[in-house]
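The values are calculated or read from the model by the stated rules, or taken from the named source; none is laboratory data. For clarity, every value in this text was computed on a predicted model and none was experimentally measured. Heads up, the Cβs are rebuilt from the backbone with ideal geometry, glycines too, and the neighbour counts pull from every protein chain shown. Only protein heavy atoms, including side chains, enter the accessible area calculation; ligands, DNA and RNA are left aside. Shrake-Rupley method; radii C 1.70, N 1.55, O 1.52, S 1.80 Å.
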Amino acid sequence: MLGIYVHIPFCESKCNYCAFASFVQKKEIQKKYFKFLIDEINNFNLASDSIVDSIFIGGGTPSCVDVCYIETIMSAIKNKFKILKDAEITIEANPNSLNLEKLKIYRKLGINRLSIGVQSLNNNQLKKIGRMHNKKQVFDALKFAKKAGFENINCDFLLGLENSNYFKIKNMLRKIKNKVTHFSCYMLQVENGTLLEKMCKEKKIVLPDEDKTVKIYEKISNYLQKKKFFRYEISNFAKEGYQCLHNIKYWRRDNYLGFGLSAHSLFNNKRWANASIFDDYFKNKKPYEELLTNQQIIEEIIMLGLRCEIGFNKKQILDLGYDIEKNENFNNLINKNILIEKGDIIKTNPKYYGVSNYIISSIL
Amino acid sequence: MDRKDKIRNFCIVAHIDHGKSTLADRLIEKTGTLAKRDMQDQLLDSMELEREKGITIKLTPTRMLYEFEGEEYELNLIDTPGHVDFTYEVSRSLAACEGAILIVDASQGVEAQTLANAYLAIDNNLEILPVINKIDLPSARPEEVKKEIEDVVGIPAMHAPCISAKDGTNIDEVLKMIVKEFPAPKGDENEKLKCLIFDSYYDNFKGAICLIRVFDGTVKVGDKIKMMQTGKVYDVNEVGIFVPNTKSTGVLKAGDVGYLACSIKTIQDVCVGDTITDANNPIETALPGYKKVQPVVFCGIFPVDGAKYQELKDALEKLKLNDASLQYEPEVSQALGFGFRCGFLGLLHLEIISERLEREFNLDIITTAPGVYYLVHKTNGEVLKLSNPSSLPSPVEIDYIEEPMVKANIFTPPEYVGAIMELCQEKRGIYKGLTYLEKKRVRVDYTLPLGEIIYDFFDSLKSRTKGYASFDYEMADFERSDLVRVDILLNGEKCDALSIIVHKDKAYSRGRALTEKLKKIIPRQLFEVPIQAAIGNKIIARETVSAMRKDVLAKCYGGDITRKRKLLEKQKEGKKRMRKIGSVEIPSEAFMSILKLDDGDK
């Protein structure tokens, strides 16, 4: 089975905290980009006999570009690959760029999962981080989505915004929890070179300290689980049967192909990425390409597995030559119940998800 | 004219930065000892570190030939270190000379080490030639400085050459004065052999090399010699001079300065200050030699990677080859594993050794807080001499403790006297006196505990006097003092490498500063880590490193896991530099943090 990721690097405006490859561009660039993107898919000559069971159109804001581009992308993929009948096909969207008509077309194209960048329901907070939408538009978007026939909907939320506390966030989630099947909750990161970083330095925005945000995160995580949103990965919560198949591929190291600017791929233990600058992308430069070593594979299995509910299999890495039971730190973590052992499967105790980097680096 | 009459043995002494090495360079250049193309700045400072820091650490002798009134003279120059830590090296070189050039900076005038070094030279019965340097500076005031030398040092200076070593002005005059003013060496080359070893270094091919001054007799290749102190006998393989690299001459006679190699396997067999004589025809009484130097500052040195213990040991051995004053003995710390307790002449010496270990031997090391040694009088009458805080007996067994004191004299413009007295008072100093040397120069005398000086006395002095004060000290007696050990507990477990001995009145503030500092350095862990400072069982300060809550809740986008991998790589690297105290991981920098405790904590 194969996953496909398509990157749409365009937005109506750049959010203050965003450090991803996304640009506010004129129509001509978009035209050139999509032409190139379609060529990239058409000319791809690997894995054409694989069956695709997940497609993820991410960005940027895929919903802000003309819907005809999405249409051409979908048909290019369908021409190139065999797609499973009930494959999971996701598109990312901003509340303000969704309308009923657009959503209906998405459905017609076979898109069956919607991932909406809600981030917050507080208009002041939204404005402060440079989002273009407001609370009303979120509810409108959810209403349209239902009308268009979307049943599988994710909302992204950002924790750690200015003036937020547990009750405020819980209230937001409560208001929409019955309209969605999936939540992704991230902690706001102040990345280098972003406007947010500048604002923080100039004290134009005062973010709550990390400890406070982590406490909120833990409480929110408990709340969601009580409401039957099951935490299957550090930042992802889903109703039974609604985990994001495409996301899971990343953690399980299944094969996935990325098309478009800065898209990453993993295919049979080879990783590569497209350029993240338009000019380089148009020249077909591949800034990164690597056949993973045995050691790297082991490390990835542990690192990615411990981020998720599925964990990793001891036997699998033993077969690759790493006997983790001989690692003293590993045994300590098991004894302290920080890692949980169930047969051959090792998982992180969900209480310690937050510090999994620390845990992982101590056993690699 | 006798052969010896054409030899002059001399050294250059001065306060640090007054231009010793620059003058040495000019003398070498002027006498044509080295072609100009072979010259490099600070020629005699051969260590990379010496050049970088602009200080001389090792003695380096050079023979120069100089023609004066139709006669060729042999001038043996021994460059000396200027820093107070290395006074000992200066005194060694003085014993090999008949004269000393005393350089004084034309704008700064007489400084603390000018005086200290001048007195050393006088004690060694040397002829002193004052030289006023840096007359090229706009702020130069040579005439005043001459008067200052006469008034403060008490030697005639009116005819002192005024030079600029940097520009090469008046160097010839210095050379002439050397020949005219300094006496020729005495001694008889036909007498029984009598040489002084004034320094030694280790050569990978030739073994330990002795730097010698021949007082009587002749030594040549093939001779059987005897070291009088160790009683060992050797065959001489090579004798020669420094030009400034070694040059074999086959023979050295009374009055000469040079080197001697005789396949001595270990440097420990060469005792600096020892007398060399003819094994078959020995003299009866040895030269007075030197007082054996005693280290005054101590610290633990441990390898960051415990497996490198042997490498550290080898490196220290090698450094010891060229540095008789470095002392070390094995030490085991619960926190840091196997390492060494090392003794140094001072903080600069400590800094230099640890830097050399890192640079020249490529070792990652952890140094613990420097301390002094104490005399601990136990209630059972036993007296312990110890420098390691963790070996201090429990308070009930201690009758009293004595700590080493120093006599410090500080030279300063009068406007800073107040600031200096305040500083000395803070450092538990005892005021001894104040002398006006001239209108703009005051000498302040204090007795201070050495333990206080090694923290940040020098830096504080410089910053409080805008760099105008200079400082020199000599070791004085031990004095009884109210000292306690402050221990640091991490998560309830004592970390021996972080213990310090301090005066009772300062225990609380030090303890607090230390816990605060450690809180900043120790990274957050999976659990809360209390950091406590304690005297015995009594907790005097506490800080807490709260548990780590989060490190990953960021988005992992579009399947890009390379960023995550890089982050993990970084974390893995960081772990290697961590030490485990019980269940707490602390970075190796923490152990050095005590050194810098007073930064910004005032």
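What share of the DSSP beta bridges in the protein assembly as shown is antiparallel, in percent to the nearest 5?
Numbers: 134 of 187 bridges.
Taking every DSSP beta bridge within the protein assembly as shown, about 70 percent pair in antiparallel fashion.
Using the Karplus curve 6.51 cos²θ - 1.76 cosθ + 1.60 with θ = phi - 60°, work out ³J(HN,Hα) for each residue of the stretch B:145-152 in order, rounded to whole Hz, and write x for Gly and Pro.
Whole-Hz 3J(HN,Hα) from phi for the stretch B:145-152: 5, 4, 5, 4, 4, 5, 6, 8.
Hey, got a sec? Which chymotrypsin sites (Phe, Trp or Tyr not before Pro) in the stretch B:199-277 land in a DSSP loop and have at most 11 other Cβ atoms within 10 Å?
When the chymotrypsin sites (Phe, Trp or Tyr not before Pro) of the stretch B:199-277 are filtered for loop state and at most 11 Cβ neighbours within 10 Å, B:Phe205 remain.
Compare the Cα positions of B:Ala533, B:Pro393, A:Leu224 along the charge dipole of the protein assembly as shown (+1 at Cβ of Lys, Arg; -1 at Cβ of Asp, Glu; about the Cα centre) and return the one farthest towards the positive end.
A:Leu224
Select from A:Glu28, A:Glu88, A:Glu289 the residue whose mean-square fluctuation is largest in a Gaussian network model of chain A (Cα-Cα springs shorter than 10 Å).
Of the options given, A:Glu28 has the highest mean-square fluctuation.
Please work out how much length the chain gains when fully extended from B:Lys206 to B:Lys220, using 0.36 nm per residue of separation minus the C-alpha to C-alpha distance, in nm with one decimal.
Numbers: separation 14, 0.36 × 14 = 5.04 nm, distance 1.62 nm.
Additional length available on full extension: 3.4 nm.
Per residue of A:354-364, count partner chain C-beta atoms within 10 Å of its C-beta, then hand back the mean as an integer.
For peptide A:354-364, the averaged partner shielding equals 6.
Answer with one residue from A:Gly193, A:Asn329, A:Ser120: the one whose Cα lies farthest towards the positive end of the charge dipole of chain A, charges on Cβ with Lys, Arg +1 and Asp, Glu -1.
Positive-most Cα among the choices belongs to A:Ser120.
Rounded to the nearest 20 Debye, what is the dipole magnitude of chain B about its Cα centre when Lys and Arg each give +1 and Asp and Glu each give -1 at the C-beta?
In debye, rounded to 20, chain B gives about 2500.
Please turn the phi angles of the stretch B:157-170 into ³J(HN,Hα) values with the Karplus equation 6.51 cos²θ - 1.76 cosθ + 1.60 (θ = phi - 60°), one per residue in order, whole Hz, x for glycine and proline.
Per-residue couplings from phi come out as 9, 4, 9, 4, x, 9, 10, 10, 5, 5, 8, x, 6, 6 Hz.
From the cross-link list A:Lys127/A:Lys203; A:Lys170/A:Lys215; B:Lys20/B:Lys206, which pairs have alpha carbons spaced over 23 Å apart?
B:Lys20/B:Lys206
For chain A, with every protein chain kept in place, what is the accessible area per residue (1.4 Å probe, Å²)?
That works out to 45 Å² for each residue.
To the nearest 20 Debye, how big is the dipole of the protein assembly as shown about its Cα centre, given +1 on the beta carbon of each Lys and Arg and -1 on that of each Asp and Glu?
7820
Please identify every one of the trypsin sites (Lys or Arg not before Pro) in the stretch B:283-363 that sits in a loop by DSSP and has no more than 16 other beta carbons within 10 Å of its own beta carbon.
Numbers: sites: B:Lys291, B:Lys292, B:Lys308, B:Lys313, B:Lys318, B:Lys320, B:Arg341, B:Arg356, B:Arg359; in loops: B:Lys291, B:Lys292.
Sites meeting the loop and neighbour criteria: B:Lys291, B:Lys292.
Considering only protein heavy atoms, with the full assembly of protein chains and a 1.4 angstrom probe, order B:Glu181, B:Glu238 by accessible area, largest first. Intermediate results must be reported in sequence, preceding the final value.
Numbers: B:Glu181 90, B:Glu238 35 Å².
The ordering from most to least exposed comes out as B:Glu181, B:Glu238.
Provide the buried accessible surface between chains A and B in square angstrom, both chains summed, 1.4 Å probe, rounded to the nearest 100.
What A and B bury together is about 3600 Å².
Relative contact order for the stretch A:292-364 using alpha-carbon pairs under 8 Å, separation at least 6, rounded to a whole percent?
For the stretch A:292-364, the relative contact order is 35 percent.
So what J values fall out for the stretch B:264-275 if you push phi through Karplus, 6.51 cos²θ - 1.76 cosθ + 1.60 with θ = phi - 60°, rounded to Hz, Gly and Pro as x?
Ordered by residue, 3J(HN,Hα) equals 7, 5, 10, 5, 4, 6, 9, 10, 5, x, 6, 10 Hz.
What average count of beta carbons from other chains do you get within 10 Å of the Cβ of residues in A:296-307?
Per residue, the number of nearby Cβ atoms from other chains is 2 on average.
At what distance in nm do the modelled label points of A:Arg107 and A:Glu12 sit from each other, each positioned 7 Å from its Cα along Cα→Cβ?
The two pseudo-label positions are separated by 2.3 nm.
May I ask you to derive the relative contact order of chain A, considering only C-alpha pairs under 8 Å and at least 6 residues apart, and to give it as an integer percent?
It comes to 15 percent, rounded to a whole number.
Where only protein heavy atoms count, and the probe is 1.4 Å, what is the accessible area per residue for the stretch B:375-481 in Å²?
I get 48 Å² per residue for this part.
In peptide B:563-572, how many Cβ atoms from other protein chains are near each Cβ within 10 Å, on average?
Average per residue, whole number: 4.
Compute the acute angle (0 to 90°) between the alpha-carbon long axis of helix B:309-321 and the principal axis of greatest extent of the alpha-carbon atoms of chain B; round to the nearest 10°.
Taking the Cα atoms of chain B, the angle to B:309-321 is about 20 degrees.
Can you list, largest first and rounded to whole Å, the semi-axes you get for the protein assembly as shown by taking the square root of 5 times each eigenvalue of its Cα gyration tensor?
74, 32, 29
Given a 1.4 Å probe, show me the residues in the stretch A:9-27 buried by at least 20 Å² of accessible surface when comparing the whole protein assembly to the chain alone.
A:Phe20
At most 10 other C-beta atoms within 10 Å and a DSSP loop state: those are the exposed trypsin sites (Lys or Arg not before Pro) I care about. Give me the longest piece of chain A that has none.
Counting only loop sites that pass the neighbour cut-off, the longest clear stretch is A:27-202.
How large is the dipole of the stretch B:194-278 about the Cα centre if only Lys and Arg carry +1 and Asp and Glu carry -1, each at its Cβ, rounded to the nearest 20 debye?
Computed about the Cα centre, the dipole is about 80 debye.
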